[in-house]
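Q: Questions regarding the structure given below will be posed in turn.
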Amino acid sequence: MITIHEKNSTTFDTLGLGALLPSLCTVKEELNGLYELELEHPYDEWGKWEDIEKGRILCVSTPRGKQPFRIYNIKPTMESIAVNARHIFYDLLDNFIQSCGITAQTPQSTLNSLKSSFNYSMPFTFNTTLTGTGSMAVSSINPIAALLGDGKDNDSFVSVFGGEILRDNYNISFLPSIGSDKGVSIRYSKNLIGLVIEEDISEVATKIFPIGKDGLIGSPVSSSHINDYPYPKARKYEDSSLTTQAQLTAFAQSILNSGVDLPTVNIKADFQLLAKTEEYKNFAILEDVQLGDVVTVVNSKMNFSKKAKVISYEWDCLLEKYSTVELGDFVADITSSITSGEKSLSTALGASTEVKQVLNLISGNITIANNTLYISMDNVNYTQATKLFRWGTGGLQFSSTGVNGTWKTIIDSNGNLVT
């Protein structure tokens, strides 16, 4: 049942203004990205269509139960009314954070600080099971950009701490993973109707050259898949903390164990088309997975298997079942930002713990401004730091009296050491 509720509703356990009778209703959700609804409603003889107004809230079925979506666009046609709505989470687009600086806080403390910086209160709760500490500074930004932004123009919660967002009514959670590995496996072939498959080998590595501290080079380590390709795919990987050959060998093997020797895989299953094929039974199990769940995909021809996540889906709210499910190693790109009021924001979050630590370091202490690179030693905001380095037209310089203080040149613009 699809119900419609007044604009100021915060609970949806009643019929609200009543039930609708749409001819089409679908929900699309991406991992850490868009969460939208499309609905079409005829001009019914009972006048239910008259309840459809911008700002009102639709409550519909999703793979995770009933969820509210606020109507932001209505397009009447001769036959019906077309409606677009966003999950109630996107009410945060209209709020504002004037300034919020966070230094060495836990993920939960960071969420609490961000919420307390909202221009006005909203009935959302923010929770996380993520651990560690991090620093970030945001200003003149809406809360969704502060939470899910890509970190290029502004720091964001996910760029500092990682994690995946779970949106459940007004309860917002950030978890290491919102899904789980339920042991589901699928096998695929190349020309299966209803299955769009992309395999990308551009980043594959089958021969790892490890490099450690002070340029120490370890012996190359080869993958068991090295002969799957016309030539070995040699790549170097560096870790400046490694000082022995044994450590370098173990490091290279760990890189291979992470799956870099296999193609990245993206699979989109169209259940309507698949249902017409004999092979459908091999993929029906995907109807039981949820966003963020891990699935093992098997390419029998190339004799490999690897893990992939459910990164997006389309759900038929009328039939209460999936129309499509997409599996992938990662979300391939950042599309038009929802934070600017457009269609979607997708964020790749396959980074290892070590990569997130590096992201945390960089986003907290390194700033590029006016074509100059600043490295702050005692504050995440370079304009407030006392001790900092800068690379620019004057070479490498150091100041112990702030950005507007006296700068001492260490290396001039020609690369010469200044004594």
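Residues checked against (1) surrounded by fewer than 23 Cβ atoms within 10 Å (Cβ to Cβ); (2) assigned to a loop (DSSP other than H, G, I, E, B):
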{"site": "139", "(1), (2)": "yes, no"}
{"site": "146", "(1), (2)": "no, no"}
{"site": "150", "(1), (2)": "yes, yes"}
{"site": "155", "(1), (2)": "no, yes"}
{"site": "160", "(1), (2)": "no, no"}
{"site": "167", "(1), (2)": "yes, no"}
{"site": "172", "(1), (2)": "yes, no"}
{"site": "178", "(1), (2)": "yes, yes"}
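Q: Where the second residue is surrounded by 18 or more Cβ atoms within 10 Å (Cβ to Cβ) and among the small types (Gly, Ala, Ser) and the first is more than 14 Å from residue 167 (Cβ to Cβ) and lies in segment 114-126, which pairs have Cβ atoms under 7 Å and are six or more apart or on separate chains?
A: Note: pairs meeting the criteria are 114/146.
Q: May I ask you to list the residues in segment 80-136 that are closer than 30 Å to residue 26 by Cβ, assigned to a loop (DSSP other than H, G, I, E, B) and open to solvent by less than 50 Å² (accessible area, probe 1.4 Å)?
A: So the first thing to find is which residues in segment 80-136 are closer than 30 Å to residue 26 by Cβ, and the list is 80-95, 122-128.
After this cut, where a residue has to be assigned to a loop (DSSP other than H, G, I, E, B) as well, the list is 95, 122-124.
Hits for segment 80-136 are 95, 122, 124.
Q: May I pose another question? Collect the residues in segment 245-301 that are assigned to a helix (DSSP H, G or I), over 30 Å from residue 163 (Cβ atoms), in contact (Cβ under 8 Å) with a residue 24 or more places away in the chain and small (Gly, Ala, Ser), keeping them in residue-number order.
A: Hits for segment 245-301: nothing passes.
Q: Same structure again: Consider residue 35 against the criteria (1) more than 18 Å from residue 52 (Cβ to Cβ); (2) of a type in the set (Ser, Thr, Tyr); (3) surrounded by fewer than 17 Cβ atoms within 10 Å (Cβ to Cβ): it satisfies all of them except one. Which criterion is unmet?
A: (3)
Q: Scan segment 11-27 for residues that are within 27 Å of residue 165 (Cβ to Cβ) and open to solvent by 70 Å² or more (accessible area, probe 1.4 Å) and jot them down.
A: Within segment 11-27, 11, 13 qualify.
Q: Give me the residue from segment 254-263 that is open to solvent by less than 40 Å² (accessible area, probe 1.4 Å) and of a type outside the set (Gly, Ala, Ser) and, out of that set, farthest from residue 207 (Cα to Cα).
A: The initial filter retains those residues of segment 254-263 that are open to solvent by less than 40 Å² (accessible area, probe 1.4 Å), namely 255-256, 259-263.
Adding the requirement that they be of a type outside the set (Gly, Ala, Ser) leaves 255-256, 260-263.
On the way: 255: 10, 256: 9, 260: 10, 261: 8, 262: 12, 263: 14 Å.
Applying the filter and picking the extreme gives 263.
Residue-by-condition table, conditions (1) out of contact with any Asp or Glu (no Cβ under 7 Å at 6 or more places or on another chain); (2) open to solvent by 60 Å² or more (accessible area, probe 1.4 Å); (3) polar (S, T, N, Q); (4) at pLDDT 85 or above:
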position	(1), (2), (3), (4)
300	yes, yes, yes, no
313	no, no, no, yes
318	yes, yes, no, yes
321	no, yes, no, yes
326	yes, no, no, yes
344	no, no, yes, no
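Yes or no, residue by residue, for (1) over 20 Å from the mean Cα position of the chain (by Cα); (2) among the β-branched types (Val, Ile, Thr):
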position	(1), (2)
131	no, yes
149	no, no
164	no, no
180	no, no
194	yes, no
197	yes, yes
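Q: Here is a list: 80, 139, 113. Which entry is of a type in the set (Gly, Ala, Ser) and under 27 Å from residue 177 (Cα atoms)? Walk me through how you get there before you give the answer.
A: Details: 80 fails: under 27 Å from residue 177 (Cα atoms); 139 fails: under 27 Å from residue 177 (Cα atoms).
None of the others qualify; the one that does is 113.
Q: What pairs can you find where one residue is in segment 182-196 and closer than 12 Å to residue 277 by Cβ, the other is in a loop (DSSP other than H, G, I, E, B) and at pLDDT 70 or above, and their Cβ atoms are less than 6 Å apart, with a gap of 6+ or different chains?
A: Cβ pairs passing all conditions: 193/277.
Q: Something else: Filter segment 38-74 for residues that are among the charged types (D, E, K, R) and surrounded by fewer than 14 Cβ atoms within 10 Å (Cβ to Cβ); which is nearest to residue 87 (Cα to Cα)?
A: Per the stated criteria, the residue is 54.
Q: When the residues of segment 209-224 are filtered to those that are under 10 Å from residue 236 (Cβ atoms) and part of a strand (DSSP E or B), which remaining residue is most open to solvent (accessible area, probe 1.4 Å)?
A: 217
Q: Kindly provide the set of residues from segment 64-79 that are assigned to a loop (DSSP other than H, G, I, E, B) and either β-branched (Val, Ile, Thr) or closer than 25 Å to residue 8 by Cα (or both), ordered by number. Give the derivation first.
A: First, pick out the residues of segment 64-79 that are assigned to a loop (DSSP other than H, G, I, E, B): 64, 77-79.
Across segment 64-79, the qualifying residues are 64, 77.
Q: Looking at (1) farther than 30 Å from residue 1 by Cα; (2) over 19 Å from the mean Cα position of the chain (by Cα), which is the only condition residue 136 fails?
A: (2) is the only condition that residue 136 fails.
Q: Restricting attention to segment 23-37, does a residue exist that is aliphatic (A, V, I, L, M) and modelled with pLDDT under 95?
A: Just the residues of segment 23-37 that are aliphatic (A, V, I, L, M), to begin with: 24, 27, 31, 34, 37.
From what is left, the residues that are modelled with pLDDT under 95 are 31, 34.
Checking segment 23-37: at least one residue is aliphatic (A, V, I, L, M) and modelled with pLDDT under 95.
Q: Here's another thing I want to ask about it. Could you please let me know if residue 205 is in a loop (DSSP other than H, G, I, E, B), crowded, with 17+ Cβ neighbours inside 10 Å and either in contact with a strand residue (DSSP E or B) (Cβ under 9 Å, 6 or more places away or on another chain) or among the β-branched types (Val, Ile, Thr) (or both)? Break it down into steps so the answer makes sense when it comes.
A: Working: in a loop (DSSP other than H, G, I, E, B): yes; crowded, with 17+ Cβ neighbours inside 10 Å: yes; either in contact with a strand residue (DSSP E or B) (Cβ under 9 Å, 6 or more places away or on another chain) or among the β-branched types (Val, Ile, Thr) (or both): yes.
Yes, satisfied.
The values are calculated or read from the model by the stated rules, or taken from the named source; none is laboratory data. On a predicted model such as this, the values are computed, not experimentally measured, just so you know. When we count neighbours, we look across all protein chains shown, and the Cβ atoms used for this are built from the backbone with ideal geometry, even at glycine. Note: areas computed on protein heavy atoms with side chains; ligands, DNA, RNA excluded. Shrake-Rupley method; radii C 1.70, N 1.55, O 1.52, S 1.80 Å.
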